[in-house]
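Each value in this text was obtained by applying a stated rule to the coordinates, not by laboratory testing. No experiment lies behind these values; they were computed from the predicted model shown. Virtual Cβ from ideal backbone geometry, glycine too; neighbours counted across all protein chains shown.
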Amino acid sequence: MAKNFKCWPEQWPRTLNYPKRPVHKFLEQTAGRVPNRIAIHFGGMVLTYGELKTLTDRFATALFGLGIEKGERVAIHLPNCPQFAIAYYAALKIGAVFTPVSPLLSPREIIHQLNDSGAKNLITLDLLYPGIAGVIPETGVQRIISTSIGDCYNAIIQPLKPIGKLPVPGTLDMVELIRNHQPTPPEIEIEVDKDLAHLAYTGGTTGVSKGVMLTHSNVVANTCQFGCWMNGAQLEERNGVVEPVFPQGVDPLKDRMVARDRETTLVVVPWFHAMGTVGYLNNLVSGGTTMVVYPRFDPVEYIEGIRKFSATTLGGAPQLYLPLVNLPNFKDYDLSGIKFAASGAAPLPVSVLRTLQEAFKGGIVLEAYGLTECTMGAVSNPPVAGLTRAGSVGLPIFDTACKVVNPETGQDLPPGSEGEICIKGPQVMQGYWQRPEATAEVLKDGWLLTGDIGREDEDGYFYITDRKKDLILYKGYNVYPREIEEVLYMHPAVEVCAVVGKPDTQAGEIPIAFVQLKAGQKVTAEELMAHTNAQVAAYKKLRTVNFVDMIPVSAAGKVLKRQLREQASA
């Protein structure tokens with residue numbers, strides 16, 4: 001099936017030249033190009049790109065000196081903080097494999113991931129480690145390095161940032177390791193097409209979390225794909241340096257949405273998630289973007305940070321934008337400096353998208369789509385005014401093919417038909433770690449079967465309807481929860497909602513909703529059902545509405561529908 005280029009952005013290359021380099025070269029090249037540009041703002045602490053590289057090199061020297069060998073897994077159990085970026089690039093630099101461990105995991109899940117990955121090395125936070133210390137003896141971890149948010153603040157600002165450093169017995173201190181080693185790590189030969197960079201674990205929203213094997217080439221390709229998608233550049237290597245090249249007559253500062261070494265982004269997407277590691281660390285580092293990094297999300301702090309730091313771009317899951325637009329004084333904030341805001345990991349309600357679009361006054365909202373199994377992303381709306389489509393996740397990006405197939409037969413379906421989305425491209429994973437049977441189920445003839453249901457329109461834009469496992473079968477009819485959720489979001493009292501199927505002896509499954517109301521709003525279940533059911537077909541009507549204080553979501557912002565289905569069944 002040929003790729004549809006009907007709405008491909010004008011002057012954008014159709015294929016990219018991918019540098020055959022390991023991932024840590026992104027930081028090295030940017031530090032060499034703009035060493036004095038601010039890389040990270042973190043609660044008052046500032047690091048330039050040159051300083052970030054020096055700290056990374058010191059830590060890489062320390063890790064190598066500890067005996068960590070090429071191919072060993074290094075588990076990073078940290079929130080967003082400067083130490084995360086330092087540890088990430090340092091581990092890759094010595095040929096180790098990065099395996100992120102979400103601070104939100106339960107002890108049982110921690111045991112599973114550490115043992116499944118075979119990680120011998122753990123980098124953790126003083127505030128987090130006590131919660132998992134008791135289960136570490138049940139894993140193969142042999143070496144623990146600890147750090148503290150308090151390490152980021154000097155004595156003068158301690159009264160403003162009263163975060164002390166907690167003692168963590170039995171661990172090595174990250175700051176001491178950096179202080180006591182020179183920035184002279186060895187040059188480790190890395191085969192970019194074979195050697196793993198990431199062993200990233202799936203979110204586990206539908207079952208046991210699996211390790212996704214990603215090579216340096218996978219990560220570099222996906223980083224370049226999204227970086228060049230935003231500026232329309234081709235890549236060329238000149239004198240050992242990879243440079244963006246634009247068509248004749250194009251001024252990248254005036255004619256493109258973003259420019260290298262010019263942008264500032266607020267980063268709250270967790271770096272331990274695929275979207276964070278690739279989209280909001282590697283992609284930003286590669287582009288010389290200043291990153292204003294937050295370890296947690298506070299909607300008021302975040303929206304005020306836009307003005308405080310003169311942010312030009314934003315990004316995250318819908319769970320980032322929903323609280324922002326629901327702030328009582330949202331319209332009082334000047335957001336006109338935002339060039340674009342990216343949204344991924346879950347569907348963004350169209351009503352929220354339009355509210356954001358209006359607030360940006362010329363900036364655009366880009367919905368994109370991907371999954372850990374394709375490194376991060378595969379589809380995105382073009383960063384060109386007039387080419388974005390509300391409700392669509394956009395076009396397959398450079399060198400990426402997507403198709404829709406019948407979930408039962410695997411047969412290719414024509415435009416307009418709903419089926420399972422399949423992806424092929426240089427960012428598709430090598431497979432699941434030590435799970436050949438699970439790999440064979442989702443990788444077929446080079447295509448990744450995503451488990452997501454969607455369709456392609458005549459212009460090549462893709463629309464994600466639902467997860468295949470979220471599909472509700474009501475008396476033989478297919479009911480897609482997202483359609484009902486979009487109607488619920490139209491009600492002014494609804495902040496977050498999720499529709500799932502509840503087992504029913506007569507119908508098979510019936511659609512029910514879980515609803516989190518906006519602060520101060522009141523509405524009855526009957527009123528919400530009347531509002532919704534008047535706008536959907538009879539077989540799609542809600543049978544129950546359950547009010548909850550908080551809809552459960554993963555660290556990436558995906559609604560944990562498995563938990564809700566279990567709750568509905570109970």
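Just the number, please: percent antiparallel of the DSSP beta bridges in region 346-449, rounded to the nearest 5. Approximately 95 percent, going by the DSSP bridge assignments. Residue separation of ASP549 and THR505 scaled by 0.36 nm, minus their Cα-Cα distance, works out to 12.9 nm of gained length. The modelled label-to-label distance for the pair SER569/ALA133, using points 7 Å beyond Cα in the direction of Cβ, is 3.8 nm.
Of all DSSP beta bridges in region 49-215, what percent run antiparallel (nearest 5)? Given both bridge residues lie in region 49-215, the antiparallel proportion sits at roughly 25 percent.
Projected over every direction and averaged, the convex hull enclosing the alpha-carbon atoms of region 213-333 yields 9.1 nm². Remark: spin-label model distance LEU253-LYS331 equals 3.7 nm, labels positioned 7 Å along the Cα→Cβ axis. Karplus-derived 3J(HN,Hα) values for region 251-266, using 6.51 cos²θ - 1.76 cosθ + 1.60 with θ = phi - 60°, are 9, x, 7, 10, 9, 10, 5, 10, 10, 5, 6, 10, 9, 10, 10, 7 Hz; glycine and proline are entered as x. As a size descriptor, the averaged projected area of the C-alpha convex hull of region 471-569 was calculated at 6.2 nm².
Working ranking of peptides 297-305, 26-34, 154-162 by packing, defined as the average number of other Cβ atoms within 10 Å per residue, highest first, is 26-34, 297-305, 154-162.
Can you work out the base-10 log of I(q)/I(0) for region 404-466 at q = 0.14, 0.16, 0.24, 0.30 1/Å, using the Debye formula on its C-alpha atoms alone? Here log10 of I(q) over I(0) equals -0.42, -0.54, -1.02, -1.27. Using a simple spin-label model with pseudo-atoms 7 Å out from Cα toward Cβ, ASN17 and LEU172 lie 4.0 nm apart.
Our estimate of slack between GLU527 and ILE111, defined as 0.36 nm per intervening residue step minus the Cα-Cα distance, is 145.3 nm.
Taking percent of Cα pairs over 46 Å apart straight from the coordinates, which label in (1) 11; (2) 54; (3) 24 is the correct one? Identified label for the calculated read-out: (1).
If you take the beta carbon distance between ILE163 and ALA538 as r and set R0 to 60 Å, what does 1/(1 + (r/R0)^6) give as a FRET efficiency, to the nearest 0.05? Between ILE163 and ALA538 the formula returns 0.60. For the cross-link pairs LYS93/LYS194; LYS120/LYS424; LYS3/LYS339; LYS254/LYS308, the ones whose C-alpha atoms lie over 27 Å apart are LYS120/LYS424; LYS3/LYS339. Each Lys or Arg adds one and each Asp or Glu subtracts one; over the other residues with Cβ under 14 Å from the Cβ of ILE397, this totals +1. When peptides 343-356, 493-506, 541-554 are ranked by their average number of other Cβ atoms within 10 Å per residue, the highest-first order is 343-356, 493-506, 541-554.
Normalised by the number of residues in the chain, the mean separation of alpha-carbon contacts (under 8 Å, six or more apart) gives a relative contact order of 13 percent. For the listed peptides 246-253, 377-384, a ranking on the average number of other beta carbons within 10 Å per residue, highest first, reads 377-384, 246-253. Per residue of the chain, the DSSP helices (runs of n ≥ 4 H) give a summed -39500 (n - 2.57) that works out to -7000 deg cm²/dmol at 222 nm. For region 1-65, pairs of C-alpha atoms spaced more than 17 angstrom apart make up 62 percent of the total. Three principal axis extents of region 49-215 based on alpha-carbon atoms, in descending order, are 47, 37, 26 Å. Loop-located trypsin sites (Lys or Arg not before Pro) in region 155-260 (DSSP state not H, G, I, E or B) with no more than 10 neighbouring Cβ atoms inside 10 Å: LYS194. Across region 310-435, the volume of the C-alpha convex hull divided among the residues equals 145 Å³ per residue. With a Förster radius of 22 Å applied to the C-beta separation of SER417 and LYS6, the computed FRET efficiency comes to 0.75. By DSSP, the beta bridges lying fully in the chain are antiparallel in about 60 percent of cases.
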